[in-house]
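Here's the structure we're looking at; comments come further down.
Every read-out reported here was derived from the displayed coordinates using simple, explicitly stated rules and does not represent laboratory data. Quick caveat: nothing in here was measured; it's all calculated off a predicted structure. Quick reminder, even Gly has a Cβ in these numbers, built from the backbone with ideal geometry, and neighbours come from all protein chains shown.
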Amino acid sequence: MGSQGSTIDGLVIDGIRTDNPEVMANKFNDYFANIAKSLADKIPDSSNSFTTFMKPPLQQSFGLNLTSPEEILNLGHSIRFSHSKGV
């Protein structure tokens, strides 16, 4: 783990060193905003469907039990809000 408060003194961008925080921030933003597309563009086209790589489903359907508005309200009232994380 890095120490808190560490800084980057500078970057070499396109062969040119810079210590301008705005230029560095913009370069990081460009990189992380475009990395997914850059990597996706490197994946070769395939004639296979994505389903080729999936296992067959275990079940063909599922069911739900009937409920009532009262059951939903009772469940809502039983939630202990004092134990919510991050609130």
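Just to be sure I understand, if you calculate P(r) over Cα pairs in 10 Å bins from 0, in percent for this structure, which of [x] 10, 16, 16, 17, 25, 13, 3; [y] 18, 54, 25, 3; [z] 14, 31, 20, 16, 12, 5, 1 do you get?
It is the one labelled [x].
Pop a pseudo-label 7 angstrom from the Cα along the beta-carbon direction at both Asp14 and Leu58 and give the gap in nm to one decimal.
Label-label distance for Asp14 and Leu58, simple model: 5.3 nm.
Starting from the Cα of Tyr31, step 7 Å along the direction of its Cβ; do the same at Leu66; then give the gap between the two resulting points in nm.
The modelled label-to-label distance comes out at 6.0 nm.
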